[in-house]
Amino acid sequence: MRLNKFLSTAGVAARRKADDIIAAGRVSVNGKIVTSLGAQVNEKNDEVAVDGKRISLPLSFVYIKLHKPKGYACTNSDEKGRKTIFDLVPSSQRLFSIGRLDYDTEGLIILTNDGDFANKVSHPSGEIEKEYIVKIEGDIKQSELAVLRNGVVIDGQRLPKAKVKVAGVQANATRLSVVIHEGLNHQVRKMFEAIGKNITLLKRVRIGGVKLGGLKRGEYKPLKPYELDQLIF
Ligand code: URA
């Protein structure tokens, strides 16, 4: 395995950043500093260290889908001391989340101990669709839907286009399905804020071919092999 993939899988840094760490002379293999970017390692036998600290790969990989409830942060340790999604999935191993959801957003999030997989799936070049159910107060006009679909403009900057459909209309509320490819900070909330709509529910229901399905809030289960296949491109 290439040394940069080893470091990425172990969660040290994504491959390009791992190359910088290697080039800076911070990585040793079997006690010798290695600066060659194409270096290969035998992940079973070689001893890899960064800044003198031994780095090892997990013995087996886990890929989990979780229904994140509102009120949980997607960080390994929250600086405000709030509950995190990692409190919901007890594990003896270090898990990474693939992308993030806001504290007040619920729905599908994928967790893994495979850092390289997490980096690949969250990279924008993969253009993986993310589908959200959005509930807003009141109704929405065709002209407002057109603005969301074309990409709202905030401070002269246009947010990416989105697929937006009305999924249900109630007395004082509307449910919409919103599909985006990117994971910009607060992207969906900013879209609706730009057209003056108040979001009362934001829930992610799909990442690529992986659906939230019948998972209840706080529940999690391993991804099926066919779900994993649909995330790797
Ligand atoms: N867009 C948002 O605004 N928040 C999320 O949590 C996810 C997408």
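The values are calculated or read from the model by the stated rules, or taken from the named source; none is laboratory data. All values reported here derive from a predicted model rather than from experimental measurement. Every residue, glycine as well, gets a Cβ built from its backbone with ideal geometry; the counts of neighbours run over all protein chains shown. Ligands, DNA and RNA are excluded from the accessible area calculation, which covers all protein heavy atoms including side chains. Shrake-Rupley method; radii C 1.70, N 1.55, O 1.52, S 1.80 Å.
Say whether the condition of being at pLDDT 95 or above, within 12 Å of the ligand (Cβ to nearest atom) and buried (at least 19 other Cβ atoms within 10 Å of the Cβ) is met by at least one residue in the range 177-186. Yes: the range 177-186 contains one or more residues that are at pLDDT 95 or above, within 12 Å of the ligand (Cβ to nearest atom) and buried (at least 19 other Cβ atoms within 10 Å of the Cβ). Residue count for the range 206-233 satisfying the condition of being more than 16 Å from the ligand (Cβ to nearest atom), among the small types (Gly, Ala, Ser) and under 26 Å from residue 125 (Cβ atoms): 1. Among the residues of the range 152-164, those that are under 23 Å from the mean Cα position of the chain (by Cα) and open to solvent by 80 Å² or more (accessible area, probe 1.4 Å) comprise 158, 161, 163. Within the range 200-216, the set of residues being touching a residue at least 12 places away in the same chain (Cβ under 8 Å) and exposed (fewer than 14 other Cβ atoms within 10 Å of the Cβ) comprises 200, 209, 216. Scanning the range 2-40 for residues that are more than 24 Å from the chain's Cα centre (by Cα) and either small (Gly, Ala, Ser) or at pLDDT below 95 (or both) yields a total of 9. Only one of the numbered conditions (1) basic (Lys, Arg); (2) closer than 22 Å to residue 143 by Cα; (3) within 13 Å of the ligand (Cβ to nearest atom) is violated by residue 203, and that is (2). Conditions: (1) away from the ligand (no atom under 16 Å from the Cβ); (2) at pLDDT below 95; (3) among the polar types (S, T, N, Q); (4) more than 22 Å from residue 7 (Cα to Cα). Residue 56 meets all but one. Number of the miss? Just one mismatch for residue 56, condition (4).
Matching residues to (1) within 13 Å of the ligand (Cβ to nearest atom); (2) of a type in the set (Asp, Glu); (3) open to solvent by less than 30 Å² (accessible area, probe 1.4 Å); (4) farther than 18 Å from residue 204 by Cα:
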site: 60; (1), (2), (3), (4): no, no, no, yes
site: 67; (1), (2), (3), (4): no, no, yes, no
site: 81; (1), (2), (3), (4): no, no, no, yes
site: 105; (1), (2), (3), (4): yes, no, yes, no
site: 113; (1), (2), (3), (4): no, no, yes, yes
site: 120; (1), (2), (3), (4): no, no, no, yes
site: 141; (1), (2), (3), (4): no, no, no, yes
site: 145; (1), (2), (3), (4): no, no, yes, yes
site: 150; (1), (2), (3), (4): no, no, no, yes
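Taking the criterion of being assigned to a strand (DSSP E or B) and either open to solvent by 30 Å² or more (accessible area, probe 1.4 Å) or away from the ligand (no atom under 16 Å from the Cβ) (or both), the only residue of the range 84-96 that qualifies is 96.
Scanning the range 117-139 for residues that are part of a strand (DSSP E or B) and either within 12 Å of the chain's Cα centre (by Cα) or hydroxyl-bearing (Ser, Thr, Tyr) (or both), we see that the one that is farthest from residue 11 (Cα to Cα) is 132. Tallying residues that are part of a loop (DSSP other than H, G, I, E, B) and either under 20 Å from residue 20 (Cα atoms) or open to solvent by 80 Å² or more (accessible area, probe 1.4 Å) (or both) within the range 44-56 yields 6. Here residue 197 meets each of (1) within 13 Å of the ligand (Cβ to nearest atom); (2) crowded, with 16+ Cβ neighbours inside 10 Å; (3) within 21 Å of residue 99 (Cβ to Cβ) with one exception, condition (3).
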